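Everything below concerns the one structure shown next.
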Amino acid sequence: MFEVPKDTAPATHRDRLASLGTRLKAHRAFLLVVVVPMLLVALYLGPITSNQYVSEAHFVVRAAGSGQTAASGLGQLLGINSAMPASQTESLALGDYLTSHDAVTALDTRLHLASLFQRPEIDLLSRLWQQAAPETLLKYYRKQVNLHYSSETGITTMTVRAFRPDDAYRIASTLLDIGEARVNTLNKRGYDDALRVTRVQLAEAEAELTSVQQRLTQFRQKGHDIDPVRSSTAQIELVSGMRGQLAAARAQLASMAGGISPSAPQYRVAKKRVDALAAQLGAQEARMTGTSRTMAVGLGVYEELQLRQDFAAKRYSAAAAALEAAREQAGRQQLFVVRVVEPNWPVKPLYPQRLVTLLSIFGGLLLAYGIGWLIAAGVREHAA
């Protein structure tokens, strides 16, 4: 009977171990480049990495009373190129603000933003560092908040990622509130800027009109004459009447001189009447044109003041109309945020995308291994 040597089994076991070691050594590069990194990534993505929830909202920026956004407004105040379509300009301007230091500061004030990204259940690689600098917080925030503007629809899509459903919802809702508040602030600034010049012009016209009216009042009080034009007209009529009376009295006196003696009482009375009328006429004519305080000088000053008053009144009316027109124009350019889709309360975590991530990393590692293998093969062939 044939007997199997006692060392056959141990020899077979050693051969298997040796064969396995040889195969592992032969594929050492593949194991180090592909298998080991994949195992580490799978270990991290599986039980270690934290789930992230996504809240999404859609909005557009429009102008009051128009289906299109205003050409001047938020975008011009932020200095964005006006050659862009107006809707794109305004939406991009608001999107730029919502991913800026100002928005992060406002969120941190309202929600303590940093603490939302430092929850105890967040894994170490995904968590925000304790006592992070503002620049670090902004960089982390921009990875969690994304805004995409569609030039075809004019709608901006905002997605917010957080490690709790309520955190994602609160951040998205607060961002919309902050955006609306920012638009309202810039609306007020743009409204004031648009009306500033016309308000100054109206104030100047009002001041000038008030000044002229005060000068007219002082002139009337000083001259004790409410309407110098009517007074002058009455004075001219009075002088004309006195001239007629004087001419009639002189004619009567001349006719009496041929019939009675100059010493006669009738002649003397007529002569005194002519002299009195001549004296009164001279006084009235002197009042009109004789000295620097006469009615003609006062009438000239009054007419100049009246002309200035008319000009100031017209200027004031024009400035008031310009202010009203500017107010209407600025009102038509007022911007507001339209919430097309309100932020949702997420239920299922969308990140991390474990399978997609693993397949992407596996493909990248295989590509790297293949390139390395080809380079090594070429080197060996060249050396041989």
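The values are calculated or read from the model by the stated rules, or taken from the named source; none is laboratory data. Only a predicted model underlies this, so the values are computations on that prediction, with no experimental measurement involved. Using ideal geometry, Cβ is built from the backbone for each residue, glycine included, and neighbour counts are taken over all protein chains shown.
Pick from segment 145-166 the residues that are touching a residue at least 12 places away in the same chain (Cβ under 8 Å) and charged (D, E, K, R): which of them is surrounded by the fewest Cβ atoms within 10 Å (Cβ to Cβ)? Of everything passing the filter in segment 145-166, D166 is surrounded by the fewest Cβ atoms within 10 Å (Cβ to Cβ). Within segment 137-147, identify whether any single residue is in the same structural domain as L350 (by TED's automatic domain parsing), within 16 Å of E56 (Cβ to Cβ), touching a Gly at 6+ places or on another chain (Cβ under 9 Å) and not in a loop (DSSP other than H, G, I, E, B), and answer yes or no. Checked segment 137-147: at least one residue is in the same structural domain as L350 (by TED's automatic domain parsing), within 16 Å of E56 (Cβ to Cβ), touching a Gly at 6+ places or on another chain (Cβ under 9 Å) and not in a loop (DSSP other than H, G, I, E, B). Taken together, the residues in segment 333-355 that are surrounded by 12 or more Cβ atoms within 10 Å (Cβ to Cβ) and assigned to a helix (DSSP H, G or I) amount to 1.
Taking only segment 170-224 into account, find how many residues are polar (S, T, N, Q) and over 30 Å from A57 (Cβ atoms). Of the residues in that region, 9 qualify. The sole residue among I236, I260 that is under 30 Å from Q306 (Cβ atoms), assigned by TED's automatic domain parsing to the domain that holds L307 and either part of a helix (DSSP H, G or I) or modelled with pLDDT of 65 or more (or both) is I236.
Which members of segment 356-375 meet the condition of being touching a helix residue (DSSP H, G or I) at 6+ places or on another chain (Cβ under 9 Å) and loosely packed, with under 14 Cβ neighbours inside 10 Å? Write out each step before concluding.
From segment 356-375, those touching a helix residue (DSSP H, G or I) at 6+ places or on another chain (Cβ under 9 Å) are 357-358, 361-362, 365-366, 368-369, 372-373; that's our starting set.
Once the filter is applied, which keeps residues that are touching a helix residue (DSSP H, G or I) at 6+ places or on another chain (Cβ under 9 Å) and loosely packed, with under 14 Cβ neighbours inside 10 Å, segment 356-375 yields A368, G372, W373.
Just one of the numbered conditions (1) within 25 Å of F336 (Cα to Cα); (2) over 22 Å from the mean Cα position of the chain (by Cα) is not true of S173: (2).
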